[in-house]
Amino acid sequence: MLLAIDFDGTLCEQDTVDWFSAHYAPEVFADADRRLAAGEIDLDTCLQLQVAPIRVPESELVAFLVETVRIRPGADELVAFCSERGVEPVLVSSGFENLMRPILAANGLDLPISAHAVDCGPEGMRVRFRGRAHCDLCGTACKRAEVRALAAGRPIAYVGDGISDLCAAEDADLRFARHTLARHLTAEGHAFIPFEDMHDVRRGLAAALDGAA
Ligand SMILES: [Mg+2]
Ligand SMILES: [Zn+2]
């Protein structure tokens, strides 16, 4: 089984990209967020707009994130459980691998990451988007095909919190959801296990694996 885990708001308590964007460039952040909500721009455009004016060095940004971002409790136990039970965990994120990696390391975690990257510098931040296929089901370059490719035919468990997780979560065999994702799955009539921390995810996964055995 593949366990695809969203990073922002899911493994981490905060949405780390929103968090540092709102911290370093609050007015641009709020304006891009409003335009995204109004449907004027898509998520990728919003992301690039929000980080563009931020001119702090990468080391300073990483230090701010490592200092302030909290990983949800139970992540270590979940990773250990996955390795015992032959489940492959992977982080699938619309954030930036080069900023995620130090947050994980500071919390003693090492997980494979599928995410964008970002260049920092005096000209501002520039997103290096990874190629993601356009999805005919939701009309964006979403996580569905990406997760399916990572699963390579294995069953999929998906853990997420937001609207950008919805398309991939719909496609999963087992869903863990909180916040906006939970509301959308409920509205669409898809079953899911609610979670507040990674202990909830580990227990749900154990129950599903033992039930299937
Ligand atoms: Mg999220
Ligand atoms: Zn989609």
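Within the shell of other residues whose beta carbon sits under 13 angstrom from the beta carbon of Asp197, the net charge comes to -1, with Lys and Arg scored +1 and Asp and Glu -1. When the alpha carbon gyration tensor of the chain is reduced to an equivalent ellipsoid, the three semi-axes, largest first, read 28, 20, 15 Å. Under a 5 Å amide H cut-off, with hydrogens placed 1.01 Å from N, Val92 pairs with Ile5, Asp6, Phe7, Ser114 among residues at least 5 apart or on other chains. Taking amide hydrogens as placed 1.01 Å from N in the peptide plane, the amide H of Cys12 sits under 5 Å from those of Arg72, each at least 5 positions away in sequence or on another chain. The local environment of Arg101, defined by Cβ-Cβ distances under 13 Å, has a net charge of -3 under the rule Lys, Arg +1 and Asp, Glu -1. The alpha carbon centroids of segment 5-56 and segment 145-192 are separated by 22 Å. Of the Cα atoms belonging to segment 1-79, the radius of gyration and Dmax stand at 14.5, 42 Å. Using the Cα gyration tensor of segment 85-141, with a ≥ b ≥ c the square roots of its eigenvalues, what is the shape: rounded (a/c below 1.5), prolate (a/b larger than b/c) or oblate (neither)? Note, shape of segment 85-141 comes out oblate.
Computed from backbone phi, the HN-Hα couplings of segment 146-155 come to 4, 5, 4, 5, 4, 5, 6, x, 6, x Hz, rounded to whole numbers (Karplus: 6.51 cos²θ - 1.76 cosθ + 1.60, θ = phi - 60°; Gly and Pro given as x). With r as the distance between the Cβ atoms of Ala191 and Arg35 and R0 = 41 Å, compute the FRET efficiency 1/(1 + (r/R0)^6) and round to 0.05. Efficiency, from the Cβ-Cβ distance: 0.75. Surface calculation, 1.4 Å probe, protein heavy atoms: Cys138 sits at approximately 60 Å² accessible. Under 5 Å between amide hydrogens, built in the peptide plane, is the criterion, and for Cys142 it picks out Cys135 among residues at least 5 positions away or on other chains.
Per residue, the solvent-accessible area of the chain (1.4 Å probe, heavy atoms of protein chains only, all protein chains present) comes to 46 Å². Residue by residue, segment 134-145 carries 3J(HN,Hα) couplings of 5, 9, 6, 6, 10, x, 10, 7, 8, 8, 4, 5 Hz when phi is fed to the Karplus relation 6.51 cos²θ - 1.76 cosθ + 1.60 (θ = phi - 60°); x denotes Gly or Pro.
For segment 75-205, the carbon plus sulfur part of the accessible surface works out to 52%, probe radius 1.4 Å. Spin-label pair Ala22-Glu58: with each label point 7 Å from Cα along the Cα-Cβ axis, the two points sit 2.6 nm from one another. Across the protein chains, with a 1.4 Å probe defining accessible surface, the residues Ser94, Ser59 rank Ser59, Ser94 from largest area downward. When the GluC sites (Glu not before Pro) in segment 138-200 are filtered for DSSP coil states and for at most 15 other beta-carbon atoms within 10 Å of their beta-carbon, the remaining sites are Glu196. Computed from phi, the 3J(HN,Hα) profile of segment 120-132 under the Karplus parametrisation 6.51, -1.76, 1.60 (θ = phi - 60°) reads 10, x, x, 8, x, 8, 10, 6, 9, 6, 7, x, 10 Hz, with x in place of Gly and Pro. Relative contact order of segment 45-180, taken over Cα pairs closer than 8 Å and 6 or more residues apart, is 20 percent.
The values are calculated or read from the model by the stated rules, or taken from the named source; none is laboratory data. Keep in mind that what you see is a predicted model, and the values were worked out from it rather than measured. Please note: Cβ atoms are built from the backbone with ideal geometry, for glycine as well, and neighbour counts cover all protein chains shown. Note: areas computed on protein heavy atoms with side chains; ligands, DNA, RNA excluded. Shrake-Rupley method; radii C 1.70, N 1.55, O 1.52, S 1.80 Å.
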